[in-house]
């Protein structure tokens, strides 16, 4: 497997395109939307790489075809391009939430299909290409598709794991909680800190070292050992003070987020040698606060 085509070379598709070229693959075609290829991507490909829009494509004969368009466009694109893809190609989409059945029109022509999702945050394709070797890839599809995907991942010097099609949405929900929702959680913390300190300092600058230290703890320890703070100690009185203070911020979301996460933290703390009576008191205080905010 030497040649590839990417349909939708945006952030994920662009990053994977660059990484594949660096791994020795040959970029035959990049198929873009009407806006064309981003300027910061062009320098990473040779003059032999052909650039088309979806409407201009006549035939795709690459060994590997990657579909990197938004989830809601994948099925229609598969129907549009199914008859233009060589039967000896292997086609993978990059969606984290969808299984390979979404490109069923291509599979119906006897073409190997699957999904290949890089489990890493990519904010732009150039820096994202550097990160891919650090990522796990979630692969899904037939045995033949997964074997090809494993070969690709090895060429990228990354790691992979398989998941069944029916579990893709659950897998992706976990990924979103670990990525996008972490950003939302951090933003809640920034807001609460801003309310506490005013304009004295930048909340993000203050809190990021703490966040990074927690990530380091999670890298080396399971959740029950990495958990710190009042909930980990079963300190119900401090939690009540937190909730009272958050209530004064006039933001229902801050208090609600704190309650939900404190409940989960209490479950984690219960795995340790924390006095069950303290955990019960803490949970009761959280229930009272939840009923009050409802």
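Observations on the structure shown:
- Residues of the range 198-217 classified as within 22 Å of residue 255 (Cα to Cα) and either surrounded by 12 or more Cβ atoms within 10 Å (Cβ to Cβ) or modelled with pLDDT of 95 or more (or both), total: 9
- Scan the range 197-241 for residues that are in a loop (DSSP other than H, G, I, E, B) and within 24 Å of the chain's Cα centre (by Cα) and the total you get is 3.
Conditions tested, residue by residue: (1) at pLDDT below 95; (2) under 22 Å from residue 262 (Cα atoms).
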{"residue": "169", "(1), (2)": "no, no"}
{"residue": "174", "(1), (2)": "no, yes"}
{"residue": "180", "(1), (2)": "yes, yes"}
{"residue": "196", "(1), (2)": "yes, yes"}
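- For the range 1-51, the set of residues classified as within 12 Å of residue 66 (Cβ to Cβ) and part of a helix (DSSP H, G or I) consists of 12, 13, 14, 15, 16, 17, 19, 20, listed by residue number.
- Looking only at the range 242-292, and only at residues there that are assigned to a loop (DSSP other than H, G, I, E, B) and farther than 23 Å from residue 222 by Cβ, the one that is modelled with the lowest pLDDT: 250
Per-residue answers, yes or no, for (1) closer than 15 Å to residue 10 by Cβ; (2) under 15 Å from the mean Cα position of the chain (by Cα); (3) not assigned by TED's automatic domain parsing to the domain that holds residue 95:
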{"residue": "111", "(1), (2), (3)": "no, no, no"}
{"residue": "114", "(1), (2), (3)": "no, no, no"}
{"residue": "117", "(1), (2), (3)": "yes, yes, no"}
{"residue": "126", "(1), (2), (3)": "yes, no, no"}
{"residue": "137", "(1), (2), (3)": "no, yes, no"}
{"residue": "146", "(1), (2), (3)": "no, no, no"}
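- Given (1) modelled with pLDDT of 90 or more; (2) in a loop (DSSP other than H, G, I, E, B); (3) in contact with a helix residue (DSSP H, G or I) (Cβ under 8 Å, 6 or more places away or on another chain), index of the condition residue 87 fails: (3)
- Screening the candidates 7, 51, 18 for the property of being in the same structural domain as residue 157 (by TED's automatic domain parsing), under 24 Å from residue 110 (Cα atoms) and touching a residue at least 12 places away in the same chain (Cβ under 8 Å) yields one hit, 7.
- Comparison of 57, 67 shows that the only residue that is within 14 Å of residue 91 (Cα to Cα) and buried (at least 16 other Cβ atoms within 10 Å of the Cβ) is 67.
- Flag for residue 39 being without any contact (Cβ under 8 Å) to a residue 12 or more places away in the chain and either surrounded by fewer than 15 Cβ atoms within 10 Å (Cβ to Cβ) or under 27 Å from the mean Cα position of the chain (by Cα) (or both): yes
The values are calculated or read from the model by the stated rules, or taken from the named source; none is laboratory data. Here the structure is a predicted model, which means the values were calculated and not measured. Please note: Cβ atoms are built from the backbone with ideal geometry, for glycine as well, and neighbour counts cover all protein chains shown.
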